[in-house]
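Below is one structure, written out as C-alpha cells; the observations come after it.
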Amino acid sequence: MEKDKETKATEEREGSQVNQNVVDFGSAMTKTAHGTVYTLAIIGQIEGHTAAPNGTKTTQYEHMLPLLAKLEESREVDGILFLLNTVGGDVEAGLAIAELIAGLTKPTAAIVLGGSHSIGVPLAVAAQRSFAVPSAAMTIHPVRISGTVIAAPQTLMSGTVIAAPQTYNYFQRLQERIVAFVAGHSRISAEKFQALMLAKDDMAADVGSVIYGEEAVHLGIIDQLGGLREGLDWLYRKMNETRG
C-alpha cells in the first residue's frame, strides 16, 4: 500500500512537471513503446538580443540553446520532435538554434504546421528528417534590416541609401550563410534557393517566394509531405534503429 502511494505521488509530480514544461516552453516528454520522445514547439517570432513587443508570442534563443544541449546529454530522451509555426525573426538567433538542432546526434524530426517563414526555413530543414503538412507555408526572401530588404549594394528596397559598403557586405555574407545552411541540410541547391529568394513575381511589394507544403517537397527543401502521424512513424523507426 505504501509503495502504491509513493508511485502515485511520483506520477503526480511527473505529470505536474510535464504540464509546467508545456506552459513554459511549449514542450512535453512522452514515454512510448519505442522510447521517450521530447516534443518541442518553435512558434511565433524568434526573439534575439532585443525583446519582442508585449503580447508577441516568441521563441527565445536563450531558452532554446541550453535546452537543446540538455536534450542531447539526457539519458532519458531517445528522440526529439519539433513542431514549427513561426513567422521568423532574429536571423542570427534563428541560425544559432538551427545549427544546434543540426548538431544533435539523437533522432530528430521537424513538422511544419501553419508556417515556417524567413529564418524559419533553416529551422525546418535542420532536423534529420523534415515534414510539412499540405497547408503549410514558407516565405523565402533576402535578409532584412528593420523590415527592409537589401536588393543591391547601393540601395534598400525602400530607396534608402547604404552609406557604408561594409554594411551591405555584412548582410550579403549573412545571407550566404543562410543559403549554404539550407542547401547543406536539404535537397535544394544553393543556386535554386537563391533564385527563390530573389524572385520578383510572387510577392506584391517585395522580392522572394511563398511556397506551400507539396511544393516545398517538390523543390527539395522539405523531405516529405506529412503531419504528426508520419513524423512520429519516422522518428519511432529511427529510435528503434539507434537502440539496435
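Every residue in the range 46-68 that is in contact (Cβ under 8 Å) with a residue 24 or more places away in the chain, assigned to a helix (DSSP H, G or I) and not aromatic (Phe, Trp, Tyr), please. Those that are in contact (Cβ under 8 Å) with a residue 24 or more places away in the chain, assigned to a helix (DSSP H, G or I) and not aromatic (Phe, Trp, Tyr): HIS63, MET64, LEU65, LEU67, LEU68. With respect to the conditions (1) without any contact (Cβ under 8 Å) to a residue 60 or more places away in the chain; (2) more than 21 Å from GLN45 (Cβ to Cβ); (3) open to solvent by 30 Å² or more (accessible area, probe 1.4 Å), LEU71 lacks only one, and its number is (3).
Out of GLY94, GLY55, GLY89, which single residue is over 13 Å from the mean Cα position of the chain (by Cα) and either open to solvent by less than 30 Å² (accessible area, probe 1.4 Å) or not aliphatic (A, V, I, L, M) (or both)?
Unique residue meeting the criteria: GLY55.
Beta carbons closer than 7 Å, at least 6 apart along the sequence or on distinct chains, never pair a first residue in the range 130-144 that is under 14 Å from ASP223 (Cβ atoms) with a second that is assigned to a loop (DSSP other than H, G, I, E, B) and among the polar types (S, T, N, Q).
Every residue, every condition in (1) modelled with pLDDT under 90; (2) over 14 Å from LEU123 (Cβ atoms); (3) among the aromatic types (Phe, Trp, Tyr); (4) open to solvent by 50 Å² or more (accessible area, probe 1.4 Å), yes or no:
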position	(1), (2), (3), (4)
THR32	no, yes, no, no
ILE42	no, no, no, no
GLN45	no, no, no, yes
ALA51	yes, yes, no, yes
HIS63	no, yes, no, yes
GLU76	no, yes, no, yes
ILE80	no, no, no, no
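To keep it simple, each residue is scored yes or no on (1) of a type outside the set (Phe, Trp, Tyr); (2) open to solvent by 40 Å² or more (accessible area, probe 1.4 Å); (3) in a helix (DSSP H, G or I); (4) under 20 Å from TYR38 (Cα atoms).
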{"site": "ASP202", "(1), (2), (3), (4)": "yes, yes, no, no"}
{"site": "VAL207", "(1), (2), (3), (4)": "yes, no, no, no"}
{"site": "ILE211", "(1), (2), (3), (4)": "yes, no, no, no"}
{"site": "GLU215", "(1), (2), (3), (4)": "yes, yes, yes, no"}
{"site": "ILE222", "(1), (2), (3), (4)": "yes, no, no, no"}
{"site": "GLY231", "(1), (2), (3), (4)": "yes, no, yes, yes"}
{"site": "LYS238", "(1), (2), (3), (4)": "yes, yes, yes, yes"}
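The requirement of being open to solvent by 30 Å² or more (accessible area, probe 1.4 Å), modelled with pLDDT under 90, under 27 Å from ASN85 (Cα atoms) and not in a loop (DSSP other than H, G, I, E, B) is satisfied by GLN172. Quick one: in the range 175-194, which of the residues that are at pLDDT below 95 and open to solvent by 70 Å² or more (accessible area, probe 1.4 Å) is farthest from ALA126 (Cα to Cα)? Among those residues, the one meeting the criterion is GLU176.
The values are calculated or read from the model by the stated rules, or taken from the named source; none is laboratory data. None of the values given here were measured: they were computed from a predicted structure. Using ideal geometry, Cβ is built from the backbone for each residue, glycine included, and neighbour counts are taken over all protein chains shown. Surface accessibility is based on the protein's heavy atoms, side chains included, excluding ligands, DNA and RNA. Shrake-Rupley method; radii C 1.70, N 1.55, O 1.52, S 1.80 Å.
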